Structure formats: structure tokens, C-alpha cells
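Before any comments, here is the structure.
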Amino acid sequence: MGMKEMDENVSGAVQNHTSTKNLKRVLGRGDLMSIAVGQIIGAGIFALVGVAIGMTGKSVNIAFMIAAVFVIIMAFTQILISGTVRLRGGFYTQAALLVGSRFAGFYTIIYIVSNIAIAMYALSFADYFLALIPGINSQLIAIVVLTIFFLVNLFGVKEAAKVQMAMVVAMALALTLFVVFGMPNIQPGYFSGIDFMPGGLTGLFSAAALLTFATGGASVIMNFGAEAKNPTKDIPFVLIVSTVSVAIIYALMATVAAGVLPIAEVTNKPLTVVALEFMPYPLYVFFVVGGAMFALATTLNATFGWVTKPVLQACVDGWFPKKLGAVNEKFKTPHILLTGFYIISLIPIITGWNISAIANLSLILNNILLLVLSIATVRLPKVVPHLWEKSKFRTSTATLWTISIAATLTSALQVYLLFQDLSSSLVIGNIVLLILASIYAYWRFNSGKVQMEISYEDE
């Protein structure tokens, strides 16, 4: 069936359930916090600490705290808008509200492509699993774990949040054990000697920029605006608290990682190398399972929870056939979109595609879009004046511009640093994706099928 036929062949019953208004508003502050923490803590902490140690030595703990400051500065504009209005379509609604309809359609195409890499979490989970139990087919493990979290989210966001909370508790215990057992083994003179900040301020800030990939991620909870009980209160709170809390945990873990063994032995090495040095083997296994594997599992679970919401609102608005955005009457989940992302994620696992290349393809462009949204936040008082006047985050025009510019410049720095490592083929890939997304947005909007719904609202 073609796109035109799908647009027209929508029954009244399905159409009534194709709306972000029908999603259950069941997520409290604790649910959002567990989702945000689970999203932040991923494979990055286990892989990037060793790289950051190579850049700044034992001052890697300070680099983590600076990284958290960078992340929060970039999130300032998200805090302002999420604290002012309920965004039922998350970042999609933000794009439509602050920049315009065509940009929202363009944004959605980039958003979908950038989330094809969900399979990376399942594949990385399989790698850790095989490290403990070798000999099992890694594709099978990846498919099984992907299917589990797809089904968990298919049965409702509240059920997925309960699973997330349990995994986050286990993960917190595993990371705490690493710190508790590791601290007594730190060698004397940690904050002195040639291994503390060997690269100077340049090395320190370069490491901090790298570590924003490990400390970032909390902003995805903006995509739960339709399902949060009190989004304008809880989302800004969770954005800040989850980022700072995880950064403190990371800084403590980094202190252990850089302080137990000689720097040369941990540079560019994963955390598991250090953990094996001082943790009893049963606890080491728990650290790998509850720490590394659950870090990936919580990120995968959280991603299945938020990834469909912007696309659901895009279906409501007509950027895609409305039928694709059908919301299950019983579980209040966008089951067709969720199944679509699941199938797309299965393809690279089964075929062995280079999923890292797919992820990198849209990484730069996605960051540029976030940069655009940051500077566009200055339009907030103009587009929703009545809500801005009531917002507890309302500031003066000068302060709003300062916040927007600071967030934009910080995002621009991230784009610049990412661009340093891009191959010419990836640069071309980004340009092609930009062109194709622009063509689709222009064509679809001019087709007359796009009817933008107001997808933001007061508390």
C-alpha cells in the first residue's frame, strides 16, 4: 500500500487513537529519574574513562565534573522550555513551536535516522555477555535482549519504568561496590606528581568535552512530556539532578580507575581492568553484569520508551501516514511505531551492517539541529507569551539571550570537536542526509497532508 492510500485508508476508530493526548500520564519524578539515570549510564563510562585518563591523567575526576557543567549549560534551554510547557511530542514539538512546521518535518527525518543505531546497545550487551559466558552466538544474544525490552515497552510505559527502576538499583549497587572496594587501594599522593593534569588545561578540557558523551543523555526525558504527571516541575528537576548525581558517581569511579594502578596500565583500558585488580571475583562478575551489562540494558529500555514519541506526534501532524501512529487502546503505547523501530534495529544485527558508521552518519547533523533549537529558545516569550508569563523559569530578555547563546556556543563546541574525527565519506553522508531530509519536508508539507496540531499545553 502506498503512502497516499495509507493516509486515506484510516478508520475513525484508529484515527481517534492516533494522538499523543491518549498516552497515559503515569510517570512520576522517580520514574523519570530512573529513566534519565539509566539513559546516562551506558557503555561510555566503561570505555571512555581509560581514554580520558590518557588525555588528563589523574585529573580525570575533575574532567567529569566539568563535563557535567557543559551538559547542564547545553540543557539550559531545554530546562526553560520544559519548565514552561508540556511538550507532548518532545523535541519534535519544540522544533515546531520555536522554529516552524517545515523544520519539524526536517527534524523528524534526521531524528529517525539517528536512532537506527538502537541495535548498538544490544550488540554491546552481547559482547559483555560473551566475555562471561563464551561460545554463545552473539547475534542470538543481541536479538533476545532487543526483543525483551521491545516487549516490556509494548506493554506500557509504566511497566517499563518499573523494570528500569529495578535495573537502576542493581546498577547503582554495582558501581558503589566498585568505589567502596577501590578507594582503600588508591595509591598515596593522588593529587600530586606528573600524572596529575599532564596535559595542562588543554588536556583537561579536551577530556571534559569527550566525557560529555558519558554524562549527557538526561535530556531524552523531554520526549516523555505526554506521559509525565507533572512535566513542567519534574523534567527540569530530573535534568539537573540526574546529570549532577551521575557525574559525582563517575568522578569517584574515575578516581579509583586512575589511582589504583600506574597510569600507563590503565590508559585507554576499560574499567574492568581496574576492577579485576581489587574486587573478589564473584563481586567482579556482579560488577560486569550489574554495572556494564545493566548500563546497556537500561539505556536500551529507556530508548524504546522515548524513541517513538516525537515520531508519533509527526504522524498526528501528517508528516507520515496517521495509521502508523496508532496507539494501543489497552496499553496506550504506539505499537506500530514501536514495532517499526524494533524491526529496523533487528536488520543490522542480522545482516552484520557497520552500525557505528550508521550512527556517525547523522551524529553531526543531529547536534546541529540541537544547536538550532538552543538559539531558537529566545522566541519562547513570543510564541507562548501567556505561558511564559506564568512560568517559574521566566527571566528577563537579556538573561534569556545569555542562556540561549551560552547553550548554543557549547553545542557548537561539541559539533566542532565531533567534526575533527569525521572522514570525508561521513561528511558527504551528512550532506546527502541533509538534502534528502529537506526535500522530503518540502514535498510533504506542500502535498497538503500536513496539518500541524498544537502539541504543547499548560500543566
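The values are calculated or read from the model by the stated rules, or taken from the named source; none is laboratory data. Since the model is a prediction, treat every value here as computed from it, not as a measurement. Here the Cβ positions follow ideal geometry from the backbone for every residue, glycine too, while neighbour counts run over all protein chains shown.
Anything in the stretch 90-143 that is more than 21 Å from LYS21 (Cβ to Cβ), buried (at least 16 other Cβ atoms within 10 Å of the Cβ) and β-branched (Val, Ile, Thr)? List them, or say none.
Those that are more than 21 Å from LYS21 (Cβ to Cβ), buried (at least 16 other Cβ atoms within 10 Å of the Cβ) and β-branched (Val, Ile, Thr): VAL99, ILE109, ILE110, ILE112, VAL113, ILE116, ILE118, ILE141, ILE143.
Pull up the stretch 54-71, narrow it to residues that are surrounded by 24 or more Cβ atoms within 10 Å (Cβ to Cβ) and of a type in the set (Val, Ile, Thr), then point me to the one that is farthest from the chain's Cα centre (by Cα).
Out of the qualifying residues, it is THR56.
Answer with yes or no whether ASN230 is out of contact with any Phe, Trp or Tyr (no Cβ under 7 Å at 6 or more places or on another chain) and among the polar types (S, T, N, Q). Please lay out each step first, then the result.
Values: out of contact with any Phe, Trp or Tyr (no Cβ under 7 Å at 6 or more places or on another chain): yes; among the polar types (S, T, N, Q): yes.
When the stated conditions are applied, ASN230 passes them.
Scan the stretch 378-396 and tell me whether some residue there is in a loop (DSSP other than H, G, I, E, B), within 25 Å of the chain's Cα centre (by Cα) and within 26 Å of ALA75 (Cβ to Cβ). Please lay out each step first, then the result.
So in the stretch 378-396, the residues in a loop (DSSP other than H, G, I, E, B) come out as 384, 391-396.
Now drop any that are not within 25 Å of the chain's Cα centre (by Cα), which leaves 393.
Narrowing further to those that are within 26 Å of ALA75 (Cβ to Cβ): 393.
Checked the stretch 378-396: at least one residue is in a loop (DSSP other than H, G, I, E, B), within 25 Å of the chain's Cα centre (by Cα) and within 26 Å of ALA75 (Cβ to Cβ).
Out of the residues in the stretch 144-174 meeting the condition of being of a type in the set (Gly, Ala, Ser) and touching a helix residue (DSSP H, G or I) at 6+ places or on another chain (Cβ under 6 Å), tell me which one is surrounded by the fewest Cβ atoms within 10 Å (Cβ to Cβ). Before the answer, list the steps.
Step one: filter the stretch 144-174 for residues of a type in the set (Gly, Ala, Ser), giving 156, 160-161, 166, 170, 172, 174.
Restricting the remaining residues to those that are touching a helix residue (DSSP H, G or I) at 6+ places or on another chain (Cβ under 6 Å) gives 160-161, 170, 174.
Values: ALA160: 23, ALA161: 26, ALA170: 18, ALA174: 21.
Residue satisfying both the conditions and the ranking: ALA170.
Output the number of residues of the stretch 178-207 satisfying the condition of being under 29 Å from PHE304 (Cα atoms) and at pLDDT below 90. Spell out the reasoning first.
Residues of the stretch 178-207 under 29 Å from PHE304 (Cα atoms): 178.
Those still in the list that are at pLDDT below 90 too: none.
Going through the stretch 178-207 one residue at a time, the tally reaches 0.
Does PHE150 satisfy the criteria of being closer than 28 Å to GLY305 by Cβ and out of contact with any Ser or Thr (no Cβ under 7 Å at 6 or more places or on another chain)? Even if it seems obvious, please write down each step before you answer.
Numbers: closer than 28 Å to GLY305 by Cβ: yes; out of contact with any Ser or Thr (no Cβ under 7 Å at 6 or more places or on another chain): yes.
Yes: the conditions hold for PHE150.
Which residue is nearest to ALA441 (Cα to Cα), if the candidates are limited to the stretch 318-346 and must be assigned to a helix (DSSP H, G or I) and of a type in the set (Gly, Ala, Ser)?
To start, the set of residues in the stretch 318-346 that are assigned to a helix (DSSP H, G or I) comprises 322-325, 335-346.
Restricting the remaining residues to those that are of a type in the set (Gly, Ala, Ser) gives 325, 340, 345.
Working: GLY325: 18, GLY340: 21, SER345: 24 Å.
The residue in question is GLY325.
Would you mind stating whether ALA218 is in contact with a Leu (Cβ under 8 Å, 6 or more places away or on another chain) and in contact (Cβ under 8 Å) with a residue 40 or more places away in the chain?
Numbers: in contact with a Leu (Cβ under 8 Å, 6 or more places away or on another chain): yes; in contact (Cβ under 8 Å) with a residue 40 or more places away in the chain: yes.
Yes: the conditions hold for ALA218.
Kindly indicate whether any position in the stretch 88-99 is among the hydroxyl-bearing types (Ser, Thr, Tyr) and under 28 Å from LYS58 (Cα atoms). Don't jump to the end; show me each part of the working.
Pass one, the stretch 88-99, residues among the hydroxyl-bearing types (Ser, Thr, Tyr): 92-93.
In the following step, the residues that additionally are under 28 Å from LYS58 (Cα atoms) were identified as none.
No; the residues of the stretch 88-99 include none that is among the hydroxyl-bearing types (Ser, Thr, Tyr) and under 28 Å from LYS58 (Cα atoms).
Given the residues ILE35, ILE79, which is the only one that is part of a helix (DSSP H, G or I), surrounded by fewer than 24 Cβ atoms within 10 Å (Cβ to Cβ) and either aromatic (Phe, Trp, Tyr) or at pLDDT 90 or above (or both)? Steps first, answer last, please.
Details: ILE35 fails: surrounded by fewer than 24 Cβ atoms within 10 Å (Cβ to Cβ).
None of the other options fit; the residue is ILE79.
Considering GLU277, GLU265, which residue is in contact (Cβ under 8 Å) with a residue 60 or more places away in the chain, farther than 30 Å from GLY305 by Cβ, in a helix (DSSP H, G or I) and touching a helix residue (DSSP H, G or I) at 6+ places or on another chain (Cβ under 9 Å)? Walk me through it before giving the result.
Values: GLU265 fails: in contact (Cβ under 8 Å) with a residue 60 or more places away in the chain.
That would be GLU277, the only listed residue that is in contact (Cβ under 8 Å) with a residue 60 or more places away in the chain, farther than 30 Å from GLY305 by Cβ, in a helix (DSSP H, G or I) and touching a helix residue (DSSP H, G or I) at 6+ places or on another chain (Cβ under 9 Å).
Only residues that are on the phi > 0 side of the Ramachandran plot and either touching a Pro at 6+ places or on another chain (Cβ under 7 Å) or of a type in the set (A, V, I, L, M) (or both): list them for the stretch 76-101, please.
Quick first cut of the stretch 76-101, residues on the phi > 0 side of the Ramachandran plot only: 90, 100.
Within the stretch 76-101, GLY90 is the sole residue that qualifies.
Among GLY340, GLY352, which is the only one that is over 17 Å from the mean Cα position of the chain (by Cα), surrounded by fewer than 19 Cβ atoms within 10 Å (Cβ to Cβ) and at negative phi? Before the answer, list the steps.
Values: GLY352 fails: at negative phi.
Of GLY340, GLY352, the one residue that is over 17 Å from the mean Cα position of the chain (by Cα), surrounded by fewer than 19 Cβ atoms within 10 Å (Cβ to Cβ) and at negative phi is GLY340.
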